[in-house]
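J.: Before I ask anything, let me first share the structure, which is written out below as structure tokens.
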Amino acid sequence: MAWLGLVFYGLGLMGYNATYRRLGVSPYLSWLTDMLTQILLLYVFAMLGWLNLGIWVVTLLGIGMLVTWTVLGRLGKGTVPFEGLHVFDLWMIGLGLAMANVLEHSPLIHYDNFSHWAVMVKFLTFTGHLPSAHDAIISFTSYPPATALFMTQFVHWVGFSEGAMLIAQFLLIWAASYSVFAVLRDRSRVLTSFLLCLTIAVSYVFNINIRLNNLLVDYVLPVLAVAGLVGVYVYRRRPWLQAAHVSLVGAVLLLVKNSAAFFVVVLVGYLLTSLIRQAQGRWWRQTLTVLGRLALTVGTMVLPFLWWEWHVKTTFTESKHEISAQAYSQQLAHEGTRAVYKIGQRFLDQIFSQQSLSTKGILLINVVLLVSWLLRVVSHQRTPLVKLALLLDVIFILYYGSLFGMYILSMPYAEAITLDGFERYMSSTVVLNLFIGAMVLAYYLDAALYEQDFTKRDLRAFKSIRTKNAYQLGSFLMIFFAIIMMYSEINGTTFTNRMNRSTLPIQLARTGKPWTHYSHRRVLLVDPHPGDVDSYYAGFLANYYFFTDKSVGQENFMESPSAFKQNIQRYQYVAVPEYHHTFTVMMRHAYHQNVRTGLFKVTATGLQRVR
């Protein structure tokens, strides 16, 4: 990693942060606001075909703002009061750096990294433009590019690597996670602040199918939505800032993935509730104000996505997972009612399965909220935690419905009948509701404290010695488990990296350095595992690694020497990351060469090793 480039990027980020702080943005939301703003600016430049210029302009603009505010600060103008350093800040900094260090040395393994997410970042980095209809290396052309643009800017300055891409995505996730501390009434209370730290750590348990060492966005979506909800609450008395925040978060959510629409609906629903509660004046004035602000916010939010939809329709004649009512109706007609019934049966079986991690998450959220409600009832305090549990259950049910609709409308039957990715998709809504439940619980825990005047809270500000001891024990347990759970995720990622040492991507990396010049070179990847070839995993991986759209994975070489020669001569390069007995034998028969592993250039007389 280029440390000078990292400093350059960081200075730009600090410049945006300084500006937003002076505009009244919460310090706990400002870092994420910086990043989302830069994503939208890069998006505009990319859509205009000026991505590389945009990276320079966006970063230098941030550095220029930092210099300006530094000079004004020296002159005693435009200073922002320091928020203070809390215990949870140390938790975020220390464990965030520890996780980033692990991610820097983490390889990409998951299939979807090579079918889209990683290859998209590599394409943007080394070509400097969005894919066109002629760039066949990008298969999922309808996927919006928000996270890819953010990672492209980061790796532009620090150098392209899998670890750098993972760190960039983690920065976005960590900034969004940091926003939850904005809802705290008293940030000096360890119990409530570390309840949120523990929630961040526990959320990774439900992201176990993906973890942070992958570029998939199933965790990015809910944590961005959570930050959007936080902004609605924090800015509830500042309507214009609230509208700007929701527009910004919602616009980026829609540009992360098409399935973000569900999370945007939740965000807009909470915004509408907040606008109704804050409305003043006569009923007709309230109605016009609420509808006007909602329309302005939503209209601004969807404009970038509509631009992307227009881009997809005018650039590509056909695009995977493109939003199309006609395609959905054709898919439904093709599947038939019998197929829908079978998928529905499997869907219900998975929901009520004792092995379902998402179902365990739903039960955990409900149990914690109900137990907390019972404790408040015993202490004769009113609380809406039961209503909250019911609301979260409604969100779960609606998400189940949207997920089932995706299986029957946009997935091939062979994938839908196996509920491909069910736990991965459901983990997103579990994470969303886990954060919502924890933030509301933290609020009412603080409201239950004996002393409500923050200035009088000290070691004596307890109702009795028993409540003081209970608070101290609870705080200690929160700190202990928050640290342990986060270290568990860090160690789990490290263990996964070690277990992946013999996987195909790691073996391929041993054959030589990855190519960074986009070409149409024909590359054969020899893989002894039929599953990798049949699932197209080997082909996607080779396309990413050799940066070409002409790579093919092959396992079966049971053919005559003449047919084997014809097959080899179709390619320009052959990669053999793992010993393949049949391939080695055929090379001896056809070319009288002893080839085991490595990267080779195809010549008329055989294979020539590439050093």
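J.: Which condition does Arg510 not pass, out of (1) of a type in the set (Lys, Arg); (2) touching a residue at least 60 places away in the same chain (Cβ under 8 Å); (3) within 18 Å of Gly539 (Cβ to Cβ), if it passes all the others?
T.: Every listed condition holds for Arg510 apart from (3).
J.: Suppose the filter is more than 20 Å from Asp532 (Cα to Cα), modelled with pLDDT of 95 or more and open to solvent by less than 40 Å² (accessible area, probe 1.4 Å); does Val595 pass it?
T.: Taking the combined requirement at face value, the residue does not satisfy it.
J.: Among the residues of the stretch 14-30 satisfying the criterion of being assigned to a helix (DSSP H, G or I) and over 22 Å from His86 (Cα atoms), which is most open to solvent (accessible area, probe 1.4 Å)?
T.: Thr19
J.: Here is a further query. Is the stretch 349-366 home to any residue that is open to solvent by less than 30 Å² (accessible area, probe 1.4 Å) and under 19 Å from Ala260 (Cβ atoms)?
T.: yes
J.: Return only the number of the condition from (1) more than 23 Å from Met120 (Cβ to Cβ); (2) in contact with a Lys or Arg (Cβ under 7 Å, 6 or more places away or on another chain) that Thr493 does not satisfy.
T.: All conditions pass for Thr493, except number (1).
J.: On the given criteria, is Gly531 small (Gly, Ala, Ser), surrounded by 19 or more Cβ atoms within 10 Å (Cβ to Cβ) and modelled with pLDDT of 90 or more? Before you say what the answer is, go through the steps one by one.
T.: Values: small (Gly, Ala, Ser): yes; surrounded by 19 or more Cβ atoms within 10 Å (Cβ to Cβ): no; modelled with pLDDT of 90 or more: yes.
Against the criterion (small (Gly, Ala, Ser), surrounded by 19 or more Cβ atoms within 10 Å (Cβ to Cβ) and modelled with pLDDT of 90 or more), Gly531 does not qualify.
J.: Let me ask something else. Which count do you get for residues in the stretch 489-523 that are farther than 23 Å from Val119 by Cα and either surrounded by 15 or more Cβ atoms within 10 Å (Cβ to Cβ) or among the β-branched types (Val, Ile, Thr) (or both)?
T.: Narrowing the stretch 489-523 to residues farther than 23 Å from Val119 by Cα: 489-492, 494-495, 498-499.
Going one step further and asking which of them are either surrounded by 15 or more Cβ atoms within 10 Å (Cβ to Cβ) or among the β-branched types (Val, Ile, Thr) (or both), we end up with 489-490, 492, 494.
Residues meeting the conditions: 4.
J.: Can you pull out the residues in the stretch 511-562 that are assigned to a helix (DSSP H, G or I) and touching a Ser or Thr at 6+ places or on another chain (Cβ under 7 Å)? Steps first, answer last, please.
T.: Keep residues of the stretch 511-562 that are assigned to a helix (DSSP H, G or I), which gives 530-534, 537-546, 561-562.
Once the filter is applied, which keeps residues that are assigned to a helix (DSSP H, G or I) and touching a Ser or Thr at 6+ places or on another chain (Cβ under 7 Å), the stretch 511-562 yields Gly539, Phe540, Ala542, Asn543.
J.: Just to be sure before I move on: is Arg285 modelled with pLDDT under 90, over 22 Å from the mean Cα position of the chain (by Cα) and open to solvent by 60 Å² or more (accessible area, probe 1.4 Å) in the structure I sent?
T.: Values: modelled with pLDDT under 90: yes; over 22 Å from the mean Cα position of the chain (by Cα): yes; open to solvent by 60 Å² or more (accessible area, probe 1.4 Å): yes.
It is true that Arg285 is modelled with pLDDT under 90, over 22 Å from the mean Cα position of the chain (by Cα) and open to solvent by 60 Å² or more (accessible area, probe 1.4 Å).
J.: Show me the helices (runs of 4 or more DSSP H) entirely contained within the stretch 178-268 in which 3 or more residues are out of contact with any Phe, Trp or Tyr (no Cβ under 9 Å at 6 or more places or on another chain) and under 24 Å from Thr147 (Cβ atoms). Don't jump to the end; show me each part of the working.
T.: Details: elements: 190-203, 220-234, 239-254.
Result: 239-254.
J.: Condition first: at pLDDT 70 or above and either open to solvent by less than 50 Å² (accessible area, probe 1.4 Å) or among the hydroxyl-bearing types (Ser, Thr, Tyr) (or both). Now tell me which residues in the stretch 449-488 satisfy that.
T.: Tyr471, Gly474, Ser475, Met478, Ala482, Met486, Tyr487, Ser488 - these are the residues of the stretch 449-488 that are at pLDDT 70 or above and either open to solvent by less than 50 Å² (accessible area, probe 1.4 Å) or among the hydroxyl-bearing types (Ser, Thr, Tyr) (or both).
J.: Only one residue in Leu66, Leu60, Leu95 is under 16 Å from Thr19 (Cα atoms), open to solvent by 10 Å² or more (accessible area, probe 1.4 Å) and touching a helix residue (DSSP H, G or I) at 6+ places or on another chain (Cβ under 6 Å), so which one is that? Walk me through it before giving the result.
T.: Details: Leu60 fails: touching a helix residue (DSSP H, G or I) at 6+ places or on another chain (Cβ under 6 Å); Leu95 fails: under 16 Å from Thr19 (Cα atoms).
Exactly one residue qualifies, and that residue is Leu66.
The values are calculated or read from the model by the stated rules, or taken from the named source; none is laboratory data. None of the values given here were measured: they were computed from a predicted structure. Because the Cβ atoms are built from the backbone with ideal geometry, glycine has one as well, and the counts that use them run over all protein chains shown. Quick note on the areas: whole protein, heavy atoms, side chains included, nothing else; ligands and nucleic acids left out. Shrake-Rupley method; radii C 1.70, N 1.55, O 1.52, S 1.80 Å.
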